[in-house]
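What follows is a short report on a single structure.
The values are calculated or read from the model by the stated rules, or taken from the named source; none is laboratory data. Remember, it's a predicted structure, so these values are computed and weren't measured experimentally. We place every Cβ from the backbone using ideal geometry, glycine too, and count neighbours over all the protein chains shown. We work out accessible area using only protein heavy atoms, side chains counted, and drop any ligands, DNA or RNA first. Shrake-Rupley method; radii C 1.70, N 1.55, O 1.52, S 1.80 Å.
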Amino acid sequence: MHGGSQERRRKFYGWGYEGDEVTPAEMVEFEQAWTKLLGVTDFSALPFPTENSVKIRDPRVKVPASLQHICATDKYDRLYHTYGSGTVDVAFSIRGEFRNPPDAVAYPRTEDDIVQIYRWCENDNLAAVPYGGGTSVVGGVNPPSHDRYRGVVSIDMKYFNKVLEIDKASQSARIQAGILGPDLERQLKPSGLTMRFFLQAWEFSSLGGWIATRAAGHFATVYTQIDDHVQSLKVVTPSGNIESRRFPTSGAGPNPDRLFLGSEGALGIITEAWVRLHKRPVHRQMASVRFADYDKAVEATRVISQANLYPASARLVEREEAVYTGSSDGSYDILVLGFESADRPVDALMKRALEICGDHGGKWDDTALGGDANADKSAKNWRDKFLRGPYLREYAIARGVMRETMETCVPWSGFAHLREHVKAETHRAIREVTGRPGSVTCRFTHIYPDGPAPYFTWFAYGDKMRVPEQYMAIKKIAEQAMVDAGGTVTHHHALGRDHRPWYDKERPELFCSAMKAAKDIFDPKMILNPGILFDPS
């Protein structure tokens, strides 16, 4: 059985489907931008791998006859499930290094299938790695290399892809967890409702992945974290099924859903969720506000966040990043503001937000005010480059261009120090590792009344054959600087195996003991995604 035989296949080394390409015109544009950022003019590229050019070890396990109809050991399936979508994943792929592929890929259709896969893994001492859309950029779906296990099975949830029930009166729906963003919205559309949960990886990421990693969407001051959408969960664990009761809210003791939010597949596989929905917005306003003084732009954003205006979007973009996306001439920073509602016009909300911006030196073009990002050229340019970013990753890495994003969250009182420290340390790391300068910028992706979520983007030009090693050396220093300055290790990109060192210090040790106790109850043979929250015993 081949998991992708009846459908368009995804690339096993990069983003998107086989055949998706960055056009020559786009490459010219991006190479020109990289030249300005990095001072590099030679962008000769390594070739992308092919299925035939890569060698991988033979499967170390034999699939039981009872599971062969839902399992694959084909080369493509194993290559595709070896890595997530992070820079280091793509860099190893381009080098043709697939040293630790899963031994088999399971495609369950039912919850009983999942149980049978668990039994196989327990009996044969195999690690089981839940797999949603494969968009993890922090090593969340990569097979563990721990020598405790005889092999690894990747459990791909793509057939759990249906909206099962819609409660229009309550504006909520029961949805299978393997569904990807586009399918979810397509199936909801006839109801007039939307989850309105869009993130950069939306096209290829799953509802279960969002929940298991506590993701956050773009409409970041209204619907914010996935936590705020979940009403109840159904989880299949090796010890049995957990199904929480659905309420708008409940004050009855600790909430069981909270145990699985952020559990990253270590306690069980989420198969269904009741989630809150929203009426589709019909009233929209967007604007880009220019600030010559960055500190005043930050202050304006803080005041907006504390004024109970709840913009759908309030992204403050530094001028260097805005130049890269063609949204600024380099003399100003940009605050991209958006308001939306299904019930009433939002003009008054936008007017008040712009008044606050004006009080802090912000300027905008009234003619650019409109109902979507296309009404404002600066906003459209930034949005287009942002959404195109994942498709560009393998092309950049093949040319030695490293790009990483790191997000955190910090109280407003600590932001200025955090921004200064992280930028300085990351610049230092880039210069030490590559021998040349790079680019480091900061933007707000989400804002809260008590603090922003700064999102750092760095570019560096490295040795094409040493990108994984150079990338991790820079990332380690940059992430440590972020944590040292008072920020959390991640705001919405999850832990994975990459962020574990910082999470180990962030969470109290007694809480880790409680998690280990929960793991021992739900997964006594320690088969599920070992090493993701703590090391297997």
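The convex hull of the Cα atoms of region 383-477, projected and averaged over all directions, covers 6.3 nm². Using a simple spin-label model with pseudo-atoms 7 Å out from Cα toward Cβ, Ser513 and Asp535 lie 1.9 nm apart.
Residues whose amide H comes within less than 5 Å of that of His446, counting only those at least five positions distant or on another chain, are Ala453 (H built at 1.01 Å from N in the peptide plane). Basic side chains Lys and Arg get +1 at the Cβ, acidic Asp and Glu get -1 at the Cβ, and with that the dipole of the chain about its Cα centre reaches some 500 debye. Shown in residue order for region 11-20 are the 3J(HN,Hα) couplings computed by the Karplus curve 6.51 cos²θ - 1.76 cosθ + 1.60 at θ = phi - 60°: 4, 8, 10, x, 9, x, 8, 4, x, 5 Hz (x for Gly and Pro). Amide H contacts of Ser172 (H built 1.01 Å from N, in plane; Pro and chain starts excluded): Asp167, Leu277 sit under 5 Å, all sequence-distant by 5 or more or on other chains. Of all the Cα-Cα pairs you can form in region 403-537, what percent are over 24 Å apart? The answer is 39 percent, as a whole percent.
Solvent-accessible surface of region 415-537, taken per residue with a 1.4 Å probe and all protein chains present: 40 Å². In this structure, Val28 and Arg148 have a Cβ-Cβ separation that, at R0 = 56 Å, corresponds to a calculated FRET efficiency of about 0.70.
The label-point distance for Lys162 and Ala252, in a model that sets each label 7 Å from Cα toward Cβ, rounds to 2.9 nm.
3J(HN,Hα) along region 438-444, derived from phi through the Karplus expression 6.51 cos²θ - 1.76 cosθ + 1.60 where θ = phi - 60°, amounts to x, 10, 9, 10, 9, 9, 8 Hz, with x in place of Gly and Pro. Distant-in-sequence amide contacts of Ser232, defined by a placed amide H-H separation under 5 Å and a gap of 5 or more residues or a different chain, comprise Trp274. Modelled this way, with points 7 Å down the Cα-to-C-beta line, the labels at Asn100 and Arg8 are 3.2 nm from one another. Accessible area of Phe247 (1.4 Å probe, protein heavy atoms only, ligands and nucleic acids ignored): about 80 Å².
Couplings for region 486-493, taken from phi via the Karplus curve 6.51 cos²θ - 1.76 cosθ + 1.60 with θ = phi - 60°, read x, x, 6, 5, 7, 9, 8, 9 Hz in order; Gly and Pro are left as x. Using all pairs of distinct alpha-carbon atoms, the Kirkwood hydrodynamic radius of the chain works out to 24.1 angstrom. The residues of region 178-288 present an accessible area of 38 Å² per residue when probed at 1.4 Å with all protein chains retained.
Normalised Debye scattering of region 29-105 at q = 0.15, 0.17 Å⁻¹ gives log10 I(q)/I(0) of -0.65, -0.75, counting only Cα atoms as equal scatterers and leaving out solvent.
About its Cα centre, the dipole of region 410-479 is roughly 240 debye, where the only charges are +1 on Lys and Arg Cβ and -1 on Asp and Glu Cβ.
Let me make sure I get this right: for region 120-244, a, b and c are the square roots of the gyration tensor eigenvalues over alpha carbons, sorted descending. Under 1.5 in a/c it's rounded, otherwise prolate if a/b > b/c, else oblate. Which is it? The shape class here is prolate.
Across the options Pro144, Tyr395, Trp120, the greatest Cα extent toward the positive end of the charge dipole of the chain (unit charges at beta carbon of Lys, Arg, Asp, Glu) belongs to Trp120.
For Arg186 and Val115, the FRET efficiency from 1/(1 + (r/R0)^6), where r spans their Cβ atoms and R0 equals 51 Å, is about 0.95. For the chain, the carbon plus sulfur part of the accessible surface works out to 51%, probe radius 1.4 Å.
Accessible area per residue for region 312-351, computed on protein heavy atoms with a 1.4 Å probe, is 37 Å². You can think of it this way: the chain between Arg245 and Ala65 has 61.1 nm of extra reach, that is 0.36 nm per residue less the Cα-Cα gap. Excluding residues on the same chain fewer than 8 positions from Lys475, give the lysines whose Cα lies under 16 Å from its Cα. Cross-link targets: Lys423. For region 1-155, the pair-distance distribution built from all alpha carbon pairs, in bins 5 Å wide starting at 0, is 2, 9, 16, 19, 18, 13, 9, 5, 4, 3, 2, 0 percent.
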